[in-house]
Structures are given as C-alpha cells and as structure tokens.
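Every read-out reported here was derived from the displayed coordinates using simple, explicitly stated rules and does not represent laboratory data. Model, not experiment: these values are computed from the prediction. Virtual Cβ from ideal backbone geometry, glycine too; neighbours counted across all protein chains shown.
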Amino acid sequence: MSNLKKYVPVMLGIALALGVYIGSKLNFKDSTEKIFATNSKKDKLNRLIDYIDYEYVDEVNTDSIVDVTVNGILENLDPHSVYIPVNQYEENADDMRGNFVGIGVSFYVYQDSIAVIRAIKGGPAERAGIKGGDRILFADGKKLFGEGIDRDSISKYLKGEINSKVGLKVHRKGESDLMDFTVKRKRVPLVSVDATYKVNDDIGYIKVNRFSETTYAEFHEALDELIDRGITKLILDLRNNPGGYISAAEQIADEFLSDDKLMLITRNKNGEESRSFASDRGDFETGEIYVLINENSASASEIVAGALQDNDKGTIVGRRSFGKGLVQREMSLGDGSAVRLTIARYYTPTGRSIQRPYGQGNGAYFREYEDRYRNGELRSADSIKVADSLKFVTPMGKVVYGGGGITPDIFVGKDTSVENETLDYVTRSGFMSYFIFEHLEKNRASFEGLSWEEFLTTYAVSDDLADEFVAYSRFEDARIDISAYYDDLKQALKANIAQQLYGPNAYERILNMDDPMIQKVIEVEALKGQRLTD
C-alpha cells in the first residue's frame, strides 16, 4: 500500500498532462460543427442527431428521428431492405423462429377483456384446461380488463421465460366463481403449415403460409403423413405466401428434385456466385407435384416454384407470382433494432432473375397489383406481358421468362368483381372471424361434443346467420350486392366457425371445397387418366 501511495502523485501528473495536451488541440472558439466533426462521412448522421440533442429549440425524441432517418435511407435502396424497430423486433423474430414462449392462446380484446378464441392444440393453456370463450381477467394478480388495455401489454403478461409459471383467474360462462389456473409457459409453435389433408384417394394437399425455421420440419411431417396414407400426387399451396428463409425453400424443393439438380443461384455485388444443388434425400422425387401460386406468392415461394419449373418437375398452376428476386440478411443495430439489408440477387436454375423493376419508387412497386387488375392480367393469361429478351429454355425445351415473377404453366384466372373481392377480403381479413366469435359467444353450447367429421358433414350455415352477417357488414350501405355469392358466403362462414372450433386445417379444407385452382388440378389429373384408358 505504501508503494502505491508513492506513485499516486506521478499518475495524477501524467493524467493532468494528458488532459492539457488534449485540451490544447480543441479550439473552443470553433463552431459546434468543428467540435463534433471527424474525418469520416459516415459520422454525418451522428452529428446531425447531436445537433438536435444539444442545440434544437424544443425537446425532441431523437429515437423517433433515427427511426425515420433509417427508414428513409433504406427506402432509397430497394423495396425489400427494411428497418425493424425495437418494439417490433421480438414479434418478427418469433414469426421467423416459428415459435414463442407463452401460454398458447389466440385471443381477442373483446368488450374490454381478454376473450380466448381457441387454446392452441397441445399448448400449455389447453393442457391446463382453458377453453375457447374463457375470459382471462388476472395474470399473477395483474388486472387484464377494463379501459385502456391493449394487445401489447396483455402479451407481456402472458409471455415470459420458458418454464416460468403464471397464475390466471378466468371467468367461464355458466360458472358463478372465477376459475384459477396455473400455467407453465412453454415454447408454442407458430405453425407455417396451415393444412394437410387428402383431396381424393391419390392427391394430397399441403398449404404453407411462410418459410420459417420450423417450416421444413412441419412440411416433412405433413408429407410423410400423406405418403403413408397412399398419395401419389401432391398439391403444394403457396398462394399468398410472402416468403422467408431461403434454406427452408431449398429443403422443400429438394424433396421433389433428384440428386445434383441445380435449385438456386445467388450472386452478390462482387459477382461472387453460390449454387445450391438437390441432395439424394427427396421423399417425393417420383411423385407428381402441382404448385399453386398467385400474385402474392413471393420470394422463397418463387424459389420453390422456379426450381421445379426450371427442372421440368411438376406443374405450376395459378397466376403470375409477385416477382421478388432479392436476398436479405438481418443485421443487428446494437440497440435491439435491426435491418434486413439486400445483399444479393437470386436466379432460378436456367439463370433467370424474376425480380420486378423498382426504379419508379416503392409506391409504384407495391401498387403493381392495381396495374395487373386494370390490364386484365388477373383474369386472362393473354394479358401477361413478357419480354422476349428475358426468354429462357428448360432442359426439356419449355420456354420460361424472367423479369417479373414466375408465370404458371397452367393459368387460372381470378374473379375480380367487386362483390367477390369484397367477400374474399372479409373472409380472410379477420372481420368475419370477429363476427363468428360473437356468434359462438351466444351459441357455443350447441357445438359441444360435435366432432370435426360431424361438423364437416352435417352442419350447415342457416340463411338467418348469412343474412345477419350481410347486415353486420353493411354491404347494402356500400351498394355491394352479395346475393350472387350467397352460397360462397355460407361456405366462408362455415370455414370461420371451423377455424375457431377445430383449427386452421379445418378452415382451409372447407374454403378449398370449390377452389378453382384445386378443381383445375383435379381436372388435369382426370384428363391424364382418361388418356391412359383410351
């Protein structure tokens, strides 16, 4: 200790001298600009934020300014480089991981309380005994009802650390007292395979809604189940699938392609290429595959469709896909936010890029649906514009085109009437689902003990319920006459009831009963069978 005391004056002297030297290099008569200036242009944004922090006349939330600035920078790059702010990052991460840690319920904030729509099958809440229609009023003593509650604050109390416990007080219709449940939080799947079922004896159906970390495992399990049930043909539904991880898309394409078939090419700014090839593990290489796509099938969906089409495997059915041929990588910004930055372009096996032009700005880019609507492309294959300069040929001689999406082998047009578009929107937007929840609130007891098979074959939506929805939707006020689509409306209502009682597989199965693309596949297969017997 005495030796240390001896050196303290020396250390202080060195520190003081160093401070004087640094101070001599600063000119405090200089402007604020020179004080903050460095030689790096990359510090310009930091300087601007400093000016606002220190000099601006009013108090400003500089975090919000940074968010706006980052968004502005990325918007000037391309339409798919995006910023994920701190308050959205966890939800985005859960979605791509394919699971979250929580109690496992879907719910509405209904009349100022948490109303359980359905406890997720196999999840902690279902195992604890929570049912659709229950109201969760307290979580660990925290009141979760009344004015001012919002979904984010609710989720904060229902989610948590894995294996942690939460004590819930629940109101159930018909019970005079609140019910107590202790639920252990677990990993709850966010399924990316919405539906798996047999269309007929030979044809199976799988619907994939996005490509997350768990998608391939979900898909493989679904495919194995259908193979075990004797299918020899598969409909892979990628309609309205916005994409996700390239690796998941490659794994799924690999199930259908033989060993060493080229699946994908990616190329970065330096021209460096990476090529992905199929392995020998495919379980459906000899089966017949149909891929359903539409104008909202993008990115990883297009990778699957393009890999199969360019290798002359199977048939692409539907309408021209979105046209996204850019690859993003997620990069942390150090404060809990992140950017997904475009780092490469991808090309299908024939070498075509399916990326649509985006030189007219993001607004025009994302409004292209309106252009397709106006020019008739959604109704007629003849209206699809392709460029001869972007023509490619597959190994078996089929002509395919780049420059803006995957053009299907078999085109199936869309009913673009206002009435059909409106019905389609209310069916899948959640609007009809909310109406059905209110209907079940009054009639849930009538469905008690009704199995899925019984519901599918015996339950019919009444005219009264359909008329009630028409009034609820105020179609007449909007001068929308839905009468020509009355049977479609009843089918959509039945599908939404099925979803809340039995899950997404039931929902998709009912909606698909008269689906034009699926009917086209059945028709094509019937014609093949007829030719074989002639």
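Taking 0.36 nm per residue of separation and subtracting the Cα-Cα distance, full extension of the segment from Ser429 to Arg356 would add 23.6 nm.
Where a ≥ b ≥ c are the square roots of the eigenvalues of the C-alpha gyration tensor, would you call the stretch 457-500 rounded, which needs a/c under 1.5, or, failing that, prolate if a/b is larger than b/c, or oblate?
Judged from the Cα gyration tensor, the stretch 457-500 comes out prolate (a/c at least 1.5, a/b above b/c).
Counting other C-beta atoms within 10 Å, which of Met432, Met331, Met396, Met179 has the fewest, and how do the rest follow? Before the final figure, lay out each step's value.
Numbers: Met432 23, Met331 11, Met396 7, Met179 14.
Ranked by crowding around the Cβ, least crowded first: Met396, Met331, Met179, Met432.
In straight-distance terms, cross-link reach from Lys165 covers every one of the aspartates and glutamates whose alpha-carbon lies under 14 Å from its own, apart from those fewer than eight places away in the same chain; here that gives Asp140, Asp180. Exposed loop sites are taken as GluC sites (Glu not before Pro) in a DSSP loop (any state but H, G, I, E or B) with at most 10 other beta carbon atoms within 10 Å; the longest stretch of the chain without one runs 273-447. The simple Förster model, with R0 at 30 Å and r as the Cβ-Cβ distance, assigns Thr62 and Glu90 a FRET efficiency of 0.85. Amide H contacts of Met263: Ser276, Phe277, Ala278, each under 5 Å away and 5 or more positions distant or on a separate chain (H built 1.01 Å from N in the peptide plane; Pro and chain starts excluded). Placing dummy labels 7 Å off each Cα toward the beta-carbon, the span from Asp201 to Glu438 is 4.7 nm. Each residue in Arg319, Arg372 was given a count of other beta-carbon atoms within 10 angstrom of its own, and listing them fewest first yields Arg372, Arg319. Taking the number of Cβ atoms within 10 Å of each Cβ as an exposure proxy, the fewest-first ranking of Tyr485, Tyr54, Tyr434 is Tyr54, Tyr434, Tyr485. Put +1 on the Cβ of every Lys and Arg and -1 on every Asp and Glu Cβ in the chain; which of Thr394, Gly449, Gly72 then has its Cα farthest towards the positive end of the dipole? Checked the options; the winner is Gly72. If R0 is 41 Å, the Cβ-Cβ spacing of Arg187 and Asp260 corresponds to a FRET efficiency of close to 0.65.
Of all beta bridges DSSP finds with both residues in the chain, what is the antiparallel percent, to the nearest 5? Here the share of antiparallel DSSP bridges comes out near 75 percent.
When the Cα gyration tensor is reduced to axis lengths a ≥ b ≥ c, the ratio a/c is 1.5 or higher for the chain, and with a/b not above b/c it is classed as oblate.
For the listed residue pairs Lys207/Lys414; Lys207/Lys391; Lys159/Lys490; Lys44/Lys269, the alpha carbons are over 27 angstrom apart in Lys207/Lys391; Lys159/Lys490. Any chance you could give the angle, 0 to 90 degrees and rounded to 10, that helix 516-533 forms with the longest Cα principal axis of the chain? Once rounded, one gets 50 degrees. The slack between Asp283 and Arg479, meaning 0.36 nm per residue of separation minus the straight C-alpha distance, is 65.4 nm.
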